[in-house]
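Engineer: Could you have a look at this structure, given as structure tokens, before my questions?
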Amino acid sequence: MEMSIFQCLWFFLIFVLIAGYFVLDGFDLGAGVLYPFIAKSEGEKAVVRRSVGPVWDGNEVWLLTAGGALFAAFPMAYATTFSGFYLAIMLVLFGLIVRAISFEFRAHDPKWGKAWDICLFLGSLLPALLFGVAVGNIYAGIPMDANGDYSGIPLLGLVTPFTLLTGLLGLAMFLAAGAAWLAVKTDESSVLHTRAANLRVPLSAVALVLFVIVSAYGHFIIQPAMESALGIARWAFAILFVVAIVAAIVFARKPTGDKPAFIAQSASAIMLVGLLACSMFPNLVVASADSVGASITLMNGSATDLSLMWMTIITCIGLPLVLVYHVVIYRTFRGRISEEDVAH
């Protein structure tokens, strides 16, 4: 069965949505995980919350859109992953809900301040770690029955040395993005800015080391026989990832490199998602060696071309509106934040 142009288009469009989420919600998840360690006083905690408060909910739109697009474009892949990873997905949703509540209640309920701080930390940590674990499972392969349903052990069956490494890689990328964002948004003369700026280099270095380990592990041990139709593109994205992460480290060491470091860090996240897309193509969910069912691909797991065509038309109308919204929000709340700003 041959793949159509709409199937290819939506395969990569979903990864574009994932990349948008990885970049935008990545830095505020990272800031949330760093929150109890980097912000010491009430004023510093308020600055961290204010730095992501106006944008976090809009950033999550990319995750919802990616899930909806997967459901409409590739329903078999959606059914397998969302049912097989049900407990993990519920933990992610629980984390996102708890994080949202903590943002809303923290400033208005000082008596429970420490409890809301813990909620913000856990609500950011769970998605930041579990997203990478889920990606590792999709790439490494999961056991499926003849109907394409996940047939492994719920939750525990998803945690392996490889998926744990991919989870740590995702977490390291989120933390590095969070530190880079806080360095951009905080007052350059503040101690909070110094703490955030000092974390960028070690966190980016950890992400680079984990990338090398995950790449070697995945290529030589997990899927040594897996061939992608986009082999050259895989190498290009891998090289660009290394270049971007090294650039982020270089810029982070310069006194005026806050914005360039954040841009380079964001570019590295995009390159990482691009590498995943090229490595997976044309697979959507890989079947493990002990799987009864076959891998879910573009050819056997997609909606009809007519449905994909209408989705494309709707996307051409809706996506520009989302981008305009983000431009307006980020322009409105641009600039650095000091403790004096949050005191009013």
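Computed from the coordinates by the stated procedures, all read-outs in this text should not be read as laboratory data. Because the structure is predicted, anything quoted here is derived from the model rather than measured. Heads up, the Cβs are rebuilt from the backbone with ideal geometry, glycines too, and the neighbour counts pull from every protein chain shown.
Engineer: Treat each spin label as a single point 7 Å out from the Cα along the C-beta direction, and report the Ile221 to Phe37 distance in nm.
Structural biologist: Each label point lies 7 Å from its Cα, and together they span 2.5 nm.
Engineer: Okay, next question. Given a cut-off of 31 Å, what percent of all Cα-Cα pairs of the range 5-337 lie beyond it? Working shown, then result.
Structural biologist: Working: 17584 of 55278 pairs.
Result for the distance tail: 32 percent.
Engineer: Measure off 7 Å from each Cα along the Cα-to-Cβ vector at Thr256 and Leu319, then give the distance between these two points in nanometres to one decimal.
Structural biologist: Spacing of the two 7 Å Cα→Cβ label points: 3.6 nm.
Engineer: A follow-up question, please. I need the phi-derived Karplus couplings for the range 254-267: 6.51 cos²θ - 1.76 cosθ + 1.60, θ = phi - 60°, integer Hz, Gly and Pro marked x.
Structural biologist: 9, x, 10, x, 4, 5, x, 5, 5, 5, 5, 5, 5, 5
Engineer: Using only the Cα atoms of the range 1-125, what semi-axes does the equivalent ellipsoid have when each is the square root of 5 times a gyration tensor eigenvalue? Give whole Å, largest first.
Structural biologist: Numbers: eigenvalues 240, 46, 20 Å².
Output for the range 1-125: semi-axes of 35, 15, 10 Å.
Engineer: To continue, here is another question. Where in the range 114-152 does the amide nitrogen come within less than 14 Å of the point 7 Å from the Cα of Ser288, taken along Cα to Cβ?
Structural biologist: It comes to 134, 136-145, 149-152, nothing else.
Engineer: What full-extension length gain, to one decimal in nm, is calculated for Ala107 and Met3 as 0.36 nm per residue of separation minus the Cα-Cα distance?
Structural biologist: Details: separation 104, 0.36 × 104 = 37.44 nm, distance 5.21 nm.
Taking 0.36 nm per residue and subtracting the Cα distance, the gain is 32.2 nm.
Engineer: Moving to a separate point now. Give the cross-link partners of Lys259 among the lysines, using a straight C-alpha distance below 19 Å as the criterion and excluding same-chain residues fewer than 8 apart.
Structural biologist: Once the sequence-local lysines are set aside, what remains near Lys259 is Lys185.
Engineer: If you don't mind, there's one more thing I want to ask. If contacts are Cα pairs under 8 angstrom and at least 6 residues apart, what is the relative contact order of the range 209-344 in percent? Mind showing how you got there, number by number?
Structural biologist: On the way: 81 pairs, mean separation 25.6, N = 136.
Once normalised by length, the contact order is 19 percent.
Engineer: State the extension gain, in nm to one decimal, for the chain segment bounded by Trp235 and Met90, taking 0.36 nm per residue of separation less the distance between their alpha-carbons.
Structural biologist: Details: separation 145, 0.36 × 145 = 52.20 nm, distance 3.47 nm.
Residue separation times 0.36 nm, minus the Cα-Cα distance, leaves 48.7 nm.
Engineer: Could you work out the relative contact order of the range 271-333, using alpha carbon pairs under 8 angstrom and six or more residues apart, expressed as a whole percent? Each step should come with its number before you reach the end.
Structural biologist: On the way: 20 pairs, mean separation 11.2, N = 63.
Relative contact order for the range 271-333 comes out at 18 percent.
Engineer: Which value in deg cm²/dmol, rounded to the nearest 500, describes the helix-derived mean residue ellipticity at 222 nm for the chain, given -39,500 (n - 2.57) per DSSP H run of n ≥ 4 and division by the residue count? Could the numbers behind the result be given before it?
Structural biologist: Details: 14 runs with 254 residues, N = 344.
Dividing the helical sum by the residues of the chain leaves -25000 deg cm²/dmol.
Engineer: Step through the residues of the range 39-51 one at a time and calculate ³J(HN,Hα) from phi using the Karplus curve (6.51 cos²θ - 1.76 cosθ + 1.60, θ = phi - 60°), rounding each to whole Hz and writing x for Gly and Pro.
Structural biologist: 9, 9, 9, 4, x, 5, 5, 5, 5, 4, 5, 5, 5
Engineer: What is the set of long-range amide H partners of Val55 at a cut-off below 5 Å, with H atoms built 1.01 Å from backbone N?
Structural biologist: Residues meeting the criterion, in which the H sits 1.01 Å from N, do not exist here.
Engineer: If the chain between Val209 and Met299 were fully stretched, how many nm would it gain, using 0.36 nm times the residue separation less the Cα-Cα distance?
Structural biologist: Numbers: separation 90, 0.36 × 90 = 32.40 nm, distance 3.55 nm.
Roughly 28.9 nm would be gained on extension.
Engineer: Next up: Among Thr80, Thr160, Thr186, Thr256, which comes first, then next, by fewest other beta-carbon atoms within 10 Å? Could the numbers behind the result be given before it?
Structural biologist: Details: Thr80 24, Thr160 15, Thr186 28, Thr256 8.
Fewest-to-most ranking of Thr80, Thr160, Thr186, Thr256: Thr256, Thr160, Thr80, Thr186.
Engineer: Further, regarding this structure: Taking a ≥ b ≥ c as the square roots of the Cα gyration tensor eigenvalues, with a/c under 1.5 meaning rounded and otherwise prolate when a/b beats b/c, else oblate, which class fits the range 179-307? Could you put the intermediate results ahead of the total?
Structural biologist: Values: a/c = 2.90, a/b = 2.26, b/c = 1.28.
Here the range 179-307 falls in the prolate category.
Engineer: Projecting each Cα onto the charge dipole of the chain (Lys/Arg +1, Asp/Glu -1 at the beta carbon, about the Cα centre), which of Val342, Ala176, Ser266 comes out farthest on the positive side?
Structural biologist: Val342
Engineer: What is the range 5-337's relative contact order, in percent, from Cα pairs under 8 angstrom and six or more apart in sequence?
Structural biologist: Working: 481 pairs, mean separation 84.3, N = 333.
It rounds to 25 percent for the range 5-337.
Engineer: Given H placed 1.01 Å from N in the peptide plane, which residues other than close sequence neighbours of Phe74 have an amide H under 5 Å from its amide H?
Structural biologist: The answer is Ala303.
Engineer: Take the alpha-carbon centre of the range 273-307, take the same for the range 56-128, and report the distance between them in whole Å.
Structural biologist: The range 273-307 and the range 56-128 have Cα centres spaced 25 Å from each other.
Engineer: 5 Å is the cut-off here: which amide hydrogens, built 1.01 Å from N in the peptide plane, fall below it relative to Leu284, excluding neighbours closer than 5 in sequence?
Structural biologist: Under 5 Å from the amide H of Leu284: Ile296, Thr297, Leu298.
Engineer: Could you go through the range 138-148 in sequence order and give the Karplus-derived ³J(HN,Hα) for each residue, using 6.51 cos²θ - 1.76 cosθ + 1.60 with θ = phi - 60°, rounded to whole Hz, and x for Gly and Pro?
Structural biologist: With coefficients 6.51, -1.76 and 1.60, one gets 5, 6, 5, x, 10, x, 9, 7, 5, 8, x Hz.
Engineer: Rounded, prolate or oblate: which one fits the range 111-241, using the alpha carbon gyration tensor with axes a ≥ b ≥ c (rounded when a/c is under 1.5, else prolate when a/b beats b/c, else oblate)?
Structural biologist: Numbers: a/c = 3.18, a/b = 1.50, b/c = 2.13.
In terms of gyration-tensor shape, oblate.
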